[in-house]
Amino acid sequence: MSPSQDQPAPVARALVVTAHPDDVDFGAAGTVASWVAEGTEVTYCIVTDGDAGGFDPAVPRSEIPRIRQAEQRAAAAVLGVHDVRFLGYRDGELTVSQDLRRDISRVIRQVRPERILIQSPDRNWERLGASHPDHLAAGEAAIFAVYPDARNPFAHPSLLADEGLDAWTVHDVWVMGGPTSNHFVDITDRLALKVEALKAHDSQTAHMDDLEERITMWMRAAAERGGLPDGRLAEGFLVTHVP
């Protein structure tokens, strides 16, 4: 399949599921900003609080979850996203458990999105940093939640019986950070927003003197892979339709 830059029609609601605070901003901030500009209501579901992150030894480790949650909310606000939910799993210890599948299914049933953006459950050997074990686990659990869990009223029965959450089917799945992309979003005009969102994650990016240059290099390479004109910047995804 040849890469596509044709943009799908806007949807009313989209859900982003990632392992850590800052994952969505590194992988898809420009695309999220474009969805918001089209009128899509975007919700973030962040599986961990990023409690194993940070680079300043002077900051007490007990403060990291609070700091990283606040940073993610600030970064989301830069893009126009105001619904940010944290599941509270431990950073660095994520596994594809029934509990995690249920908790992501819960958010899907609450938000009822037409589109979901997840991390790739497939390791990217060319960009190993995109394939943190937590990313792989979050991606695998999220796609299990999409199919079959959230759409099946008999899966995780407490969601319906105890919480009144009806089954919900998500058809439009976008995957970031994987070894294969078939869709590229031109974010050239939203680079400044992406960088501003990333700078909101001060505990993670303050030490990166070359942050904008690094991001520009990555996005230029993605644009080249997607066949965009010279000088354009892009974010790449595997986009698929789940019947």
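The values are calculated or read from the model by the stated rules, or taken from the named source; none is laboratory data. These figures come from a predicted structure and were not determined experimentally. Cβ sites come from the backbone with ideal geometry, for glycine too, and all protein chains shown count toward neighbours.
Some points to look at:
- Residues satisfying the stated conditions in region 161-173, i.e. surrounded by 16 or more Cβ atoms within 10 Å (Cβ to Cβ), of a type in the set (A, V, I, L, M, F, W, C) and not in a loop (DSSP other than H, G, I, E, B): Val173
- Residue list for region 142-182, filter: touching a residue at least 60 places away in the same chain (Cβ under 8 Å) and farther than 13 Å from Ile116 by Cα: Gly177, Gly178, Ser181, Asn182
- Residue within region 159-168 that is closer than 30 Å to Arg127 by Cα and among the aromatic types (Phe, Trp, Tyr) present: no
- Test for Ala150: is it under 18 Å from Leu94 (Cα atoms), in contact with a helix residue (DSSP H, G or I) (Cβ under 8 Å, 6 or more places away or on another chain), small (Gly, Ala, Ser) and at pLDDT 95 or above: no
- Residues in region 107-155 that are over 24 Å from Val11 (Cα atoms) and buried (at least 24 other Cβ atoms within 10 Å of the Cβ): Asp134, His135.
- Near pairs, Cβ below 6 angstrom, 6+ apart or cross-chain, from region 62-91 (under 9 Å from Gly50 (Cα atoms)) to any residue that is surrounded by fewer than 18 Cβ atoms within 10 Å (Cβ to Cβ) and among the hydrophobic types (A, V, I, L, M, F, W, C): Asp91/Ala52
- Residue match in region 221-237 (condition: of a type in the set (Lys, Arg) and part of a loop (DSSP other than H, G, I, E, B)): yes
For every residue, the table says whether it meets (1) modelled with pLDDT under 95; (2) touching a His at 6+ places or on another chain (Cβ under 8 Å); (3) under 27 Å from Arg61 (Cα atoms).
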| residue | (1), (2), (3) |
| --- | --- |
| His183 | no, no, no |
| Asp186 | no, no, no |
| Leu193 | no, no, no |
| Ala200 | no, no, yes |
| Leu211 | no, no, yes |
| Trp218 | no, no, no |
| Glu224 | no, no, no |
| Asp230 | no, no, no |
| Phe237 | no, yes, no |
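- Flag for Tyr44 being in contact (Cβ under 8 Å) with a residue 12 or more places away in the chain, buried (at least 24 other Cβ atoms within 10 Å of the Cβ) and not hydrophobic (A, V, I, L, M, F, W, C): yes
- Residue among Gly50, Gly39 that is assigned to a loop (DSSP other than H, G, I, E, B), farther than 20 Å from His183 by Cα and touching a Lys or Arg at 6+ places or on another chain (Cβ under 8 Å): Gly50
- Residues of region 78-106 that are in a helix (DSSP H, G or I), surrounded by fewer than 22 Cβ atoms within 10 Å (Cβ to Cβ) and of a type in the set (A, V, I, L, M): Val78, Leu100.
- Residues of region 174-203 that are among the polar types (S, T, N, Q), surrounded by 20 or more Cβ atoms within 10 Å (Cβ to Cβ) and closer than 22 Å to Ala142 by Cβ: Ser181 alone.
- Only listed residue being at pLDDT 95 or above, over 22 Å from Ala137 (Cβ atoms) and among the β-branched types (Val, Ile, Thr), chosen from Val17, Val78, Val24: Val78
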